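Everything on this sheet refers to the single structure shown next.
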């Protein structure tokens, strides 16, 4: 038996409770890891609260968590890792526990901390995917809403490295941090459209909305084409003719090894705001829901 954090009803963070569970056995291509770090994502909160009930109904009890990093302790047939390997990846059946299953494990370089390794998976693959879906090219201008968030920070860095001009909407306290990544950071809130126009006098070619802050109508007006705007956070996308990018973070798992190598080489940074003992998962959820975080929250079993 081992300990995992589960919930058996929808509700506030307090529904998350330590539970004794039997570790799952890895299937074909899977590995089981002793978890060293597990990332907390906004999706986990939506799942726990019941906001995802219509599209992803829970079968209680649920062990939340999408990403983890740890040491392989069991392998399934055909798995691309061996017992004792240090790996990271997307989990099957949750990551908030002492053990987790990984579908496609990726080797963790020594230069990558456990916290960053666990945090890079979903946010990194999401940023990589949306940039590909937009088709933005070197020399073009990209507006990233929520540029200081975990997905936005990675999108900014990937785009800048590809020769794309990046404008990012951020809070006042994040202007300096996002500017240091090579973007032109502008303050969000009333008047953001005028500030973006001043920062990009040549216009904006594409918009990546990672904020869900009700910016889609103005974003479509800026580009002149709803097909050049993608959101990962605003459920009203369809009303504006905008694509909502969701589903598998990375069909085929092609981007994660590249993201890992960039991070290990110091060419991609992902701020870790705070780590929590596994038993304090409810507090991690409460902090994220209250928007206290400035970076990733990570559980350490």
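For region 183-206, name all the residues that are within 22 Å of residue 162 (Cβ to Cβ) and not in a loop (DSSP other than H, G, I, E, B).
Passing the criteria: 184, 185, 186, 196, 199, 206.
Given the condition modelled with pLDDT of 95 or more, buried (at least 16 other Cβ atoms within 10 Å of the Cβ) and assigned by TED's automatic domain parsing to the domain that holds residue 91, answer yes or no: does some residue in region 50-57 qualify?
no
Would you check which residues across region 95-112 are in contact with a helix residue (DSSP H, G or I) (Cβ under 9 Å, 6 or more places away or on another chain) and not in a strand (DSSP E or B) and list them?
95, 96, 98, 104, 108, 109, 110, 111, 112
What do you reckon, is residue 223 in contact with a helix residue (DSSP H, G or I) (Cβ under 8 Å, 6 or more places away or on another chain), at pLDDT 95 or above, under 24 Å from residue 174 (Cβ atoms) and surrounded by 15 or more Cβ atoms within 10 Å (Cβ to Cβ)?
no
Could you list, in sequence order, all residues of region 204-220 that are in contact (Cβ under 8 Å) with a residue 24 or more places away in the chain and farther than 18 Å from residue 149 by Cα?
Result: 204, 205, 206, 218, 219.
With the structure loaded, tell me whether residue 155 is in a helix (DSSP H, G or I), in the same structural domain as residue 194 (by TED's automatic domain parsing), buried (at least 23 other Cβ atoms within 10 Å of the Cβ) and in contact with a strand residue (DSSP E or B) (Cβ under 9 Å, 6 or more places away or on another chain) or whether it fails that test.
yes
For residue 256, only one of the following conditions fails: (1) out of contact with any strand residue (DSSP E or B) (no Cβ under 7 Å at 6 or more places or on another chain); (2) closer than 15 Å to residue 106 by Cβ. What is its number?
All conditions pass for residue 256, except number (1).
Regarding region 211-222, can at least one residue be identified that is within 30 Å of residue 265 (Cα to Cα) and touching a strand residue (DSSP E or B) at 6+ places or on another chain (Cβ under 6 Å)?
Scanning region 211-222, I find at least one residue that is within 30 Å of residue 265 (Cα to Cα) and touching a strand residue (DSSP E or B) at 6+ places or on another chain (Cβ under 6 Å), so the answer is yes.
Based on what the data block shows, is residue 263 crowded, with 22+ Cβ neighbours inside 10 Å and either assigned to a helix (DSSP H, G or I) or touching a helix residue (DSSP H, G or I) at 6+ places or on another chain (Cβ under 9 Å) (or both)?
yes
Identify, by number, the condition in (1) over 28 Å from residue 210 (Cα atoms); (2) out of contact with any helix residue (DSSP H, G or I) (no Cβ under 9 Å at 6 or more places or on another chain); (3) in a loop (DSSP other than H, G, I, E, B) that residue 19 doesn't meet.
Residue 19 satisfies all of (1) over 28 Å from residue 210 (Cα atoms); (2) out of contact with any helix residue (DSSP H, G or I) (no Cβ under 9 Å at 6 or more places or on another chain); (3) in a loop (DSSP other than H, G, I, E, B) except (3).
In a loop (DSSP other than H, G, I, E, B), touching a strand residue (DSSP E or B) at 6+ places or on another chain (Cβ under 7 Å) and under 26 Å from residue 261 (Cβ atoms), is that true of residue 84?
yes
Please specify each residue of region 178-201 satisfying the condition of being touching a residue at least 40 places away in the same chain (Cβ under 8 Å) and out of contact with any helix residue (DSSP H, G or I) (no Cβ under 8 Å at 6 or more places or on another chain).
188, 200
Please work out which one of (1) touching a strand residue (DSSP E or B) at 6+ places or on another chain (Cβ under 6 Å); (2) in the same structural domain as residue 51 (by TED's automatic domain parsing); (3) at pLDDT 95 or above is the condition residue 237 fails and give its number.
That leaves (2) as the condition not met.
So residue 148 clears everything in (1) surrounded by fewer than 24 Cβ atoms within 10 Å (Cβ to Cβ); (2) assigned to a loop (DSSP other than H, G, I, E, B) except one condition, right? Which one?
Against the list (1) surrounded by fewer than 24 Cβ atoms within 10 Å (Cβ to Cβ); (2) assigned to a loop (DSSP other than H, G, I, E, B), residue 148 comes up short only on (1).
Which residue pairs have Cβ atoms under 7 Å apart, sit 6 or more places apart or on different chains, and have a first residue in region 83-95 that is without any contact (Cβ under 8 Å) to a residue 60 or more places away in the chain and a second that is assigned to a loop (DSSP other than H, G, I, E, B)?
Matching pairs, first to second residue: 86/108; 87/81; 87/105; 87/108; 91/65; 91/66.
The values are calculated or read from the model by the stated rules, or taken from the named source; none is laboratory data. Here the structure is a predicted model, which is why all the values come from computation and not from measurement. Glycine gets a Cβ as well: all are built from the backbone with ideal geometry, and neighbour counts include every protein chain shown.
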